[in-house]
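The values are calculated or read from the model by the stated rules, or taken from the named source; none is laboratory data. Everything numeric in this text was worked out from a predicted model, so none of it was measured. Glycine gets a Cβ as well: all are built from the backbone with ideal geometry, and neighbour counts include every protein chain shown.
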């Protein structure tokens, strides 16, 4: 599932687009904070890096886009500009001069938006960063022999689940552990993405499909089997571990 970040001056403006994208099964996060962090040149929350596609709202000026575009394109993300209506030839030329991949038109129907995204994102699939798969060395079945590359926030997510020793952790507790804050729509959206990415990385290492279980209406739980393996391995560091083969594809 592709994750989309909408950078905007006003998240309320993006409600319709966000709902449409979610109906099309995209993970969507709208943020004015990320935009401000980028414009101010300060360190951006690590969760920023998990988004593969960025949509720049019509509330963001071209001059501001110029200021942040180098950062947005560093990881070969797909960057799209949103317009309130059909852009003029001059506006299209400005997009090309800025280095923006393409544009979306706000107000289109769900069917039109689906086809727009399918067409525009397909152009850049072959330009996406290569996926790094980390495999267990032959004959090494113990978790302590693995080196799984987690981001800072992914590692914090897994550590909180490990601390629960197989018990369920509420979304409120997860938000407190990750952001020292109460749950809100922004945190819950980011938490869902983090859980999916941690789960995917565990699955790449051969752990069961339900390494992290979703407790509907409550929170998450590390499966008892995975929790026991971690406990038995006495693993203290999930990132700085030896004996690993890395394959790029």
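Suppose the filter is within 30 Å of residue 152 (Cα to Cα) and in contact with a helix residue (DSSP H, G or I) (Cβ under 6 Å, 6 or more places away or on another chain); does residue 54 pass it? Yes. For region 131-220, the helices (runs of 4 or more DSSP H) that sit wholly inside it and include 1 or more residues that are modelled with pLDDT under 85, within 21 Å of residue 48 (Cβ to Cβ) and not assigned by the TED database to the domain that holds residue 12 are 152-163, 185-204.
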